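One structure is given below, encoded as structure tokens.
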Amino acid sequence: MTVLARAQQADDVAEVLVTAEEIAAKVHELGVRIAADYQGKDLVLVSILKGALPFLADLMRATQIPLALDFLEVSSYGAGTESTGAVRILKDLAHPIEGRHVLVVEDILDTGHTLSYVFDHLRAQRPESVRLCVLLDKPARRVIPIEIDYRGFEIPDKFVVGYGLDYAERYRNLPFVGVLKPEVYARRS
Ligand code: PRP
């Protein structure tokens, strides 16, 4: 990406909700807690593609104990900025999780549809435990209650992009979490 293109992406942001520095500090804090809680346990971080990738990459390096990684890819049949509740698995785990400690690493918890489905799918494989680490929690939008074991930030009911989160597959590579200017949606609709 050129310097100009990067500047244009940042120019589309109306408001920065969480800065790169705030994210880094929180990820470090979460990693230290997770390492203490899972010391000596067979830990698998299960991340959901694609939005959680930057969070996973930073969190795993902040979690200084032996761990494994695995990935799920799900489709929420959503259009635009809403998820509909109909979820299906596009890519399943590569390795068995029976008897292991699973920590799901997600970028954002919104309605809860995605994680509710993912938790049912994981629990059916009889792991020793399944817990959740989520960077952004948007409680105003919750439809299905989900227990969060490790929470980064609670955010207001605004459509956010950056640090993995996209609008029409763009803005995932912004280093902060921000709110897009309304004219960006108008441009694409
Ligand atoms: C986002 C996010 C969660 C889900 C949360 O994924 O990563 O998986 O939406 O919404 P919910 O709580 O309302 O189910 P998205 O479908 O945008 O896919 P992506 O990770 O590939 O961007």
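Some points to look at:
- Scanning region 153-189 for residues that are open to solvent by 10 Å² or more (accessible area, probe 1.4 Å), among the small types (Gly, Ala, Ser) and touching a Lys or Arg at 6+ places or on another chain (Cβ under 7 Å) gives a single hit, Ala168.
- Residue in region 18-68 that is farthest from Leu174 (Cα to Cα), counting only those that are of a type in the set (Lys, Arg) and in contact (Cβ under 8 Å) with a residue 60 or more places away in the chain: Lys41
- Some residue of region 83-101 being over 16 Å from the mean Cα position of the chain (by Cα), hydroxyl-bearing (Ser, Thr, Tyr), open to solvent by 50 Å² or more (accessible area, probe 1.4 Å) and on the phi < 0 side of the Ramachandran plot: yes
- Only one of the numbered conditions (1) more than 9 Å from the ligand (Cβ to nearest atom); (2) at pLDDT below 95 is violated by Glu98, and that is (2).
- Across region 121-141, a minimum of one residue is classified as near the ligand (Cβ under 9 Å from one of its atoms), farther than 29 Å from Arg61 by Cβ and at pLDDT below 95.
- Taking region 123-141 as the range and being basic (Lys, Arg) and either under 19 Å from Phe55 (Cβ atoms) or open to solvent by less than 60 Å² (accessible area, probe 1.4 Å) (or both) as the test, the residues that pass are Arg131, Lys138, Arg141.
- Residue match in region 61-75 (condition: within 17 Å of Leu122 (Cα to Cα), out of contact with any Cys (no Cβ under 7 Å at 6 or more places or on another chain), at pLDDT 95 or above and among the polar types (S, T, N, Q)): no
- Annotation for region 30-47: no member residue is touching a Gly at 6+ places or on another chain (Cβ under 7 Å), over 23 Å from Val74 (Cβ atoms), at pLDDT 95 or above and buried (at least 18 other Cβ atoms within 10 Å of the Cβ).
- For region 124-144, the set of residues classified as closer than 13 Å to Gly99 by Cβ and of a type in the set (Lys, Arg) consists of Arg126 only.
The values are calculated or read from the model by the stated rules, or taken from the named source; none is laboratory data. Worth saying up front: this structure is predicted, and the values here are computed from it rather than measured. Because the Cβ atoms are built from the backbone with ideal geometry, glycine has one as well, and the counts that use them run over all protein chains shown. Side chains are part of the model used for accessible areas, which takes the heavy atoms of the whole protein and leaves out ligands, DNA and RNA. Shrake-Rupley method; radii C 1.70, N 1.55, O 1.52, S 1.80 Å.
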